[in-house]
Structures are given as structure tokens and as C-alpha cells.
1. Which numbered condition in (1) touching a Leu at 6+ places or on another chain (Cβ under 7 Å); (2) part of a helix (DSSP H, G or I); (3) touching a residue at least 60 places away in the same chain (Cβ under 8 Å) is the only one that residue 114 fails?
2. Return the only residue of 30, 8 being open to solvent by 20 Å² or more (accessible area, probe 1.4 Å), of a type in the set (Phe, Trp, Tyr) and in contact with a His (Cβ under 9 Å, 6 or more places away or on another chain).
3. Name the residue, out of 76, 37, 60, 47, that is open to solvent by 60 Å² or more (accessible area, probe 1.4 Å) and free of Cβ contacts under 8 Å to residues at least 24 places away in the same chain.
4. How many residues does the range 82-109 contain that are over 14 Å from residue 50 (Cα atoms) and either of a type in the set (S, T, N, Q) or open to solvent by 50 Å² or more (accessible area, probe 1.4 Å) (or both)?
5. Report, ordered by the first and then the second residue, all pairs with beta carbons closer than 7 Å, sequence separation of six or more or different chains, a first member in the range 95-110 that is closer than 11 Å to residue 56 by Cβ, and a second member that is part of a loop (DSSP other than H, G, I, E, B).
6. Give just the number: which of (1) open to solvent by 30 Å² or more (accessible area, probe 1.4 Å); (2) in contact with a strand residue (DSSP E or B) (Cβ under 9 Å, 6 or more places away or on another chain) does residue 16 not satisfy?
7. Given (1) more than 20 Å from residue 113 (Cα to Cα); (2) modelled with pLDDT of 95 or more, identify the lone condition not met by residue 15.
8. When you check residue 42 against the structure, is it free of Cβ contacts under 8 Å to residues at least 24 places away in the same chain and of a type in the set (D, E, K, R), yes or no?
Amino acid sequence: MKTPYSLYGIKNCDTIKKARRWLEEHQVDYRFHDYRTDGLDEALIQTLIDHLGWEALLNTRGTTWRKLTDEQKAATNNEACAKVLMLAQPSIIKRPVLALNDSDRMLLGFSADSYQQFIDGVK
């Protein structure tokens, strides 16, 4: 049977660790997709952008963003530029993204309450 949920992110991220712990404690069957080891292609990033928006996905508070030059930051002002940046540097994508497979339902970020509501909305 296919796993109902996919969790997208980077395994060493503290928020990913919290989300994974919550899913496991609540016995939610999911597949973890690590952008670094499992890859990030144009189709996946476009799906995330289509459902969540490029502005929401772009983590402008993390170290990856802070390491960019002012010119790179200024140039990231539209979907096309943001997509190129996210493909080149997946750690700049806000995480985690929890997705209900075979659906357009996605949740960005983690909080126990939002995960509970997301999972309950599926049952």
C-alpha cells in the first residue's frame, strides 16, 4: 500500500526532526524526502510553488539566505528567479512541507496543532 503522506525537507533540520517525531508518535505513515539525498527536480519544486507560493517557500530568515550577496537577494524577486535559487540551494526552502499524496493538500512549517488539524481533516 502506498504511504499516504510525504514529508519534504532536510534530515538534519531541527524542525524536520520535531515533525518526524510528532508523526511517529502519532503513528502517521509517511515517506521522508530529503532534498539533498533524494533530490529536488523542477517538477517537484513547481508543484510546491503551485500549492504554497514561492514567497512562502523562500526562507529569508535562515543562514542560506543570509549568506547570499545583496545582489542575489535583490534578484530573487519573482517566481522564476526563486525557483532557480531553490533548485541550486534546497536548504533555502522553508521546511517542512507535509503533503497528502495524490492530493493538492500541503502544509508548510510545523506545529503540533497544525499537524493534528491537517491529519484530522483527512480522516
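The values are calculated or read from the model by the stated rules, or taken from the named source; none is laboratory data. Only a predicted model underlies this, so the values are computations on that prediction, with no experimental measurement involved. Neighbour counts are summed over all protein chains in view; Cβ atoms, including those assigned to glycine, are modelled from backbone coordinates with ideal geometry. Just so you know, the surface numbers come from the protein's heavy atoms only, side chains and all, with ligands and any DNA or RNA stripped out. Shrake-Rupley method; radii C 1.70, N 1.55, O 1.52, S 1.80 Å.
1. (3)
2. Details: 30 fails: in contact with a His (Cβ under 9 Å, 6 or more places away or on another chain).
Within the list 30, 8, the selection yields 8.
3. The unique qualifying residue is 60.
4. Looking only at that region, the number is 9.
5. 108/94; 109/94
6. Of the numbered conditions (1) open to solvent by 30 Å² or more (accessible area, probe 1.4 Å); (2) in contact with a strand residue (DSSP E or B) (Cβ under 9 Å, 6 or more places away or on another chain), the odd one out for residue 16 is (1).
7. All conditions are met except number (1).
8. Working: free of Cβ contacts under 8 Å to residues at least 24 places away in the same chain: no; of a type in the set (D, E, K, R): yes.
Against the criterion (free of Cβ contacts under 8 Å to residues at least 24 places away in the same chain and of a type in the set (D, E, K, R)), residue 42 does not qualify.
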